[in-house]
Every structure is written in C-alpha cells, then in structure tokens.
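J.: Sharing a structure here in structure tokens format.
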Amino acid sequence: MMQLLRPVLILVRKDILLEWRSRDLVVSMLVFSLLIVVVFNFALNVTPQQVTVLAPGIIWVTFAFAATLAMNRSFVREMEQGGLAGLLLSPVSRDAIFLGKALGSFLFMLLVEAALLPVFGALLNFPVLSFTLVLTIVMATLGFALVGTLFSAIAVQTRSREIMLPVLFFPVILPVIIAAVEASSASIGSEPGVGLNRWLPLLAIFDALFLVICPWVFAVVVEE
Amino acid sequence: MLGNGVRQNITGYLVVLSGLFMLADLYLIFVVAPTDAVLGHVQRVFYFHVPIAIMSFLAFFLVFLASIAYVVRRDGKWDRLAHSCAEVGVVFVTVALLTGIIWGRPLWNTWWTWEPRLTTTLILWLIYVSYLMIRSYASNQQQAARYSAVVGIVGFVDVPIVYYSVVWWRSIHPSPVVGPFAQANALEPIMLWILLFSMVTFLILFTYLVVERTALRNSEDRLLGIRLVARRAGR
C-alpha cells in the first residue's frame, strides 16, 4: 500500500508545486468560469423566479467546461521537455502514475469549484451551504478527474488534441452531468430532496467503476 | 486466419445470400405484411428499424469483446475485427436513428424525444464516432489500435450507466409520449414472423459487411507493410 501511495503523493506534490509557481491553470479556470456565468446570464435571461430551476444546469455546464480546461493542461505539462517519458521510465507502477495525475487534477478542480461556489451563490442567489451539494460536487468531480485524466493521456498524443479531449470526454461523462444536475437541483433547486437516493448512488457507482477500469486501461495507453 | 481462397468463397456466398434474403424481406414487408390500422404504410419502416438497431448494438458489443481481446492478447486480428465492427456499427446506428426519426413522427407526433432508448442510441453514435476519430487522429497503427481499444472498452461500459441515468431523468421530467414498445402486445403474429425474418436478413448483411471490411483492412495493412519495406529499400 505504501509502495503505491508514496509515488502518488510525490506526483501530486510535484503538480501542486508546479501550479503554485506558475498559477496559470487555476487562474485561467476561474476567469473562464466567471465568463461562462456572465454569458449564461444573458443567453438565458436569468430572472429571480427561474434561478432555482436554471442554477444547477449553469453550475454544471461551467464546471464541466472548466474541467476540460484542467484536463487539457494535465498531460501537456508532462509532454513539455519529455516529462512523461521520464515518469514512465521511473520504477513506479502505471497505476500510481494514473492515480497521481488524476488526484492532482481532482484537487485543482475542487479548489476552483470551492472558490466559484460562493460567487455562484451570490450571483445566482442560492444557498451554498448544503451538505448534499458539497457531496455531489466532490463525487462528480472525482468522475471528471478519472475519465478526464485517461482521455487527456490519449488526446495529448494525437493530432489536434484540443478537439479530441472534449469529443471523447463529454459522451462518456454524460451520466455524471445528468446525476450532478439532478442531485444539485434536489439540494438547492425547486424540488428539494427529490431523487437524491438515486443520483448519489449513481455517482458513487460511476466513480467506483472507473476507479477500477481507468488505471487498467491507462497502462495500455502509455506503453510504447 | 483463413486462407485467401476460402475467405473469398465465404464472402461470395454471404453476398448472394444477403441479396436473396433482402429481396425476400422486401417482398414480405411491402406485399405480405398487413398495413397497420392506425399508422398506415409508414409502420413498415419498423421492419427495418428494429433489426438495424439491434445489429448496431451487437456490433458495439463485438467491438467491446474484440477490444478486450486485443488488450490482453495484442494480436492485430482483434484490432482489425474491432475496427470493422465499429465502422459497420456506426453506419447501422446512423440508419437506426434516421429510420427512428421517420417512424417517430407519425407515432409520437414529434421527430425526436429524449426517451432513454433514443438518447442512449444517440450517445452510442457519439461515442463510436469519437472511436473512429481517434483512429484517424492517432500518429501510427499501433497507437490507433491501443487508443481505440481503450475507447471501445470505456465507451461500452458507460452505456448501461447512460441508459439508467436517462431512465431516472425521464421519471423526473415526464413527457406525454409513450415508448416504442408500449403497443408491442398489439403486434400480429404475421408481423412478428416478418420481423424475425428481417432480423435474420440483417444479421446476414451485417456478417457480410464485417467480413468484407476485415478483408479490406487486411489488404490495407499488407499494403502498408509493402510500402514500408519499399521505403527502407530506398525507393
């Protein structure tokens, strides 16, 4: 267990250090997300009466787009100056590399979402302090990070990687978006409490399933 | 796998067989089958739509199995099978969506509804189009095989989750239309037999297309190998 955990933590520490020194990913995700909210406000003409109906959808479209931004950068950073080759040559299992990269992206996304949530609460006028909402965000973001890290590793090796990632990512992640939107509207929206006993287990099943599959197929992706 | 001559024989038989079955099927659908009392002639698209949709699911299941076999065994023949099934599957699922739209218009009075089966089929279409895209964007054959195997596995595992999430989503957002099989018990025996015949017809057509496409992939790979050798020889 320690043998798996130690390289994972070292990899996460490296990614955090890299982000701490440059701060380009988190800042660009934050600015991008705020822009999307502004665009949505005018595109949907959000009025105080509809806001509880529209807020979950706006939140999750924003988070999903911000996630693709984070995923796009995740392996691009490794490709610069042959970082990925170095990682793969190091005596560490591929599972550890995958989990380290996924955990790093997961933490960045959570950080951005934690910063955005009060802003959304203020702009869209809904209560932020809901335990189920936070639980939904954590579980859905884990799903984003797992699937996104896998497809990021694929997309970065292909031509036109900026297009390939969302094309691969969104169809597979759709159940997470559906479940997250529904669980969020059960937490903050117009229908309190409806369907939480379905959507939270669905998110948990998705996360558990892809936590098993993704490290396995990641080994297939990175072998050369 | 099989010798060249044997394979050509099989393809020959399959093409004749599927041609004969298709003619018989068309005769059954347009002459023998009774006209639907409520929907009229447009109901006949049903005999094409249902078998094609089922064959596309079969195709993606085969992609899934062949992808796992490729990941485990690393034999190029599994990749060729997966690639062929995915291509034929995308064609079939496109036709299934289009015939579904034609059929849905008189049946539900709308071209499209976000019903679980329709939505899942649309998501399938998107997943396997991205499967074919990743193949063409990969930088070499081995990379294309590995990446598409990953998409073939992850995409198929995702399908039941997509289906159930849409089923539950619909139970929250009800809509007045009914499912396509709500009137299934109203199907007359003769209609059921024709449907089964149609199913066999499309199974033969599907097998023929996959066999033919796999043979084409074999030729493509061999040509690629010859070109590589020729380039190394300095030509």
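J.: Only one of these is at pLDDT 85 or above, loosely packed, with under 15 Cβ neighbours inside 10 Å and not polar (S, T, N, Q): A:VAL39, A:VAL26, A:VAL53. Name it.
T.: Just a single option satisfies the conditions, and that option is A:VAL39.
J.: Which residue pairs have Cβ atoms closer than 8 Å, lie 6 or more positions apart in sequence or on different chains, and pair a first residue in the range B:155-168 that is at the interface with another protein chain (Cβ under 9 Å from one of its Cβ atoms) with a second residue that is buried (at least 18 other Cβ atoms within 10 Å of the Cβ) and of a type in the set (Lys, Arg)?
T.: Going by the 8 Å Cβ cut-off, the qualifying pairs are B:TRP168/A:ARG198.
J.: Same structure again: Please work out if B:ILE68 is under 15 Å from the mean Cα position of the chain (by Cα), surrounded by fewer than 20 Cβ atoms within 10 Å (Cβ to Cβ) and of a type outside the set (D, E, K, R). Don't jump to the end; show me each part of the working.
T.: On the way: under 15 Å from the mean Cα position of the chain (by Cα): no; surrounded by fewer than 20 Cβ atoms within 10 Å (Cβ to Cβ): yes; of a type outside the set (D, E, K, R): yes.
Criteria not met by B:ILE68.
J.: Just to be sure I understand the filter: pairs with C-beta atoms under 8 Å, separated by 6 or more residues or on different chains, first member in the range A:47-61 and touching a residue at least 12 places away in the same chain (Cβ under 8 Å), second member surrounded by 22 or more Cβ atoms within 10 Å (Cβ to Cβ) and charged (D, E, K, R). Which pairs pass?
T.: Between residues of the range A:47-61 that are touching a residue at least 12 places away in the same chain (Cβ under 8 Å) and residues that are surrounded by 22 or more Cβ atoms within 10 Å (Cβ to Cβ) and charged (D, E, K, R), the close pairs are A:PRO56/A:GLU182.
J.: Could you check B:VAL129 against (1) closer than 23 Å to B:ASP221 by Cα; (2) at pLDDT 90 or above; (3) surrounded by 20 or more Cβ atoms within 10 Å (Cβ to Cβ) and say which number it fails?
T.: Among (1) closer than 23 Å to B:ASP221 by Cα; (2) at pLDDT 90 or above; (3) surrounded by 20 or more Cβ atoms within 10 Å (Cβ to Cβ), B:VAL129 violates only (3).
J.: Can you tell which of A:ALA122, A:ALA115, A:ALA140 is more than 22 Å from A:VAL220 (Cβ to Cβ), in a helix (DSSP H, G or I) and without any contact (Cβ under 8 Å) to a residue 40 or more places away in the chain?
T.: The unique qualifying residue is A:ALA122.
J.: Sticking with this one: Among the residues of the range B:31-43, is there at least one that is in contact with a strand residue (DSSP E or B) (Cβ under 8 Å, 6 or more places away or on another chain), in a helix (DSSP H, G or I) and surrounded by 15 or more Cβ atoms within 10 Å (Cβ to Cβ)?
T.: yes
J.: State which residue is farthest from A:ALA67 (Cα to Cα) when the search covers only the range A:124-151 and only residues that are small (Gly, Ala, Ser) and away from every other protein chain (no Cβ under 14 Å).
T.: Ranking the qualifying residues of the range A:124-151, first place goes to A:SER130.
J.: Hey, among the residues in the range B:135-152 that are among the hydrophobic types (A, V, I, L, M, F, W, C) and surrounded by fewer than 22 Cβ atoms within 10 Å (Cβ to Cβ), which one's farthest from the other protein chains (Cβ to nearest Cβ)?
T.: B:ALA144
J.: Let me ask something else about it. Have a look at A:SER152, A:SER185 and point out the one that is farther than 24 Å from A:LEU87 by Cβ, among the hydroxyl-bearing types (Ser, Thr, Tyr) and part of a helix (DSSP H, G or I).
T.: Result: A:SER185 is the single residue among A:SER152, A:SER185 that is farther than 24 Å from A:LEU87 by Cβ, among the hydroxyl-bearing types (Ser, Thr, Tyr) and part of a helix (DSSP H, G or I).
J.: Can you find, within the range A:155-164, the residue that is modelled with the highest pLDDT among those that are surrounded by fewer than 21 Cβ atoms within 10 Å (Cβ to Cβ), within 10 Å of another protein chain (Cβ to nearest Cβ) and in a helix (DSSP H, G or I)?
T.: In this case the residue turns out to be A:ILE163.
J.: From the list A:VAL167, A:VAL134, A:VAL128, which one is over 23 Å from B:PHE64 (Cβ atoms), under 16 Å from the mean Cα position of the chain (by Cα) and surrounded by fewer than 24 Cβ atoms within 10 Å (Cβ to Cβ)?
T.: A:VAL134
J.: Continuing with this model, one more query. Within the range B:78-94, can one find any residue that is of a type in the set (D, E, K, R), in contact with a Ser or Thr (Cβ under 8 Å, 6 or more places away or on another chain) and in a helix (DSSP H, G or I)?
T.: Yes, because at least one residue in the range B:78-94 is of a type in the set (D, E, K, R), in contact with a Ser or Thr (Cβ under 8 Å, 6 or more places away or on another chain) and in a helix (DSSP H, G or I).
J.: Determine which single condition A:VAL212 fails, assuming it passes every other condition in (1) at pLDDT 90 or above; (2) closer than 23 Å to B:PRO116 by Cβ; (3) not charged (D, E, K, R).
T.: (2)
J.: Of everything in the range A:170-181 that's within 19 Å of A:VAL221 (Cβ to Cβ) and facing chain B (nearest Cβ under 7 Å), which residue is surrounded by the most Cβ atoms within 10 Å (Cβ to Cβ)?
T.: If we take residues in the range A:170-181 being within 19 Å of A:VAL221 (Cβ to Cβ) and facing chain B (nearest Cβ under 7 Å), then A:VAL172 is surrounded by the most Cβ atoms within 10 Å (Cβ to Cβ).
J.: Output yes when any residue across the range A:137-144 is out of contact with any Asp or Glu (no Cβ under 7 Å at 6 or more places or on another chain) and hydroxyl-bearing (Ser, Thr, Tyr), and no when none is.
T.: Within the range A:137-144, the subset out of contact with any Asp or Glu (no Cβ under 7 Å at 6 or more places or on another chain) is A:138, A:140, A:144.
So of that shortlist, the ones also hydroxyl-bearing (Ser, Thr, Tyr) come out as none.
No, the range A:137-144 contains no residue that is out of contact with any Asp or Glu (no Cβ under 7 Å at 6 or more places or on another chain) and hydroxyl-bearing (Ser, Thr, Tyr).
The values are calculated or read from the model by the stated rules, or taken from the named source; none is laboratory data. These figures come from a predicted structure and were not determined experimentally. Glycine gets a Cβ as well: all are built from the backbone with ideal geometry, and neighbour counts include every protein chain shown.
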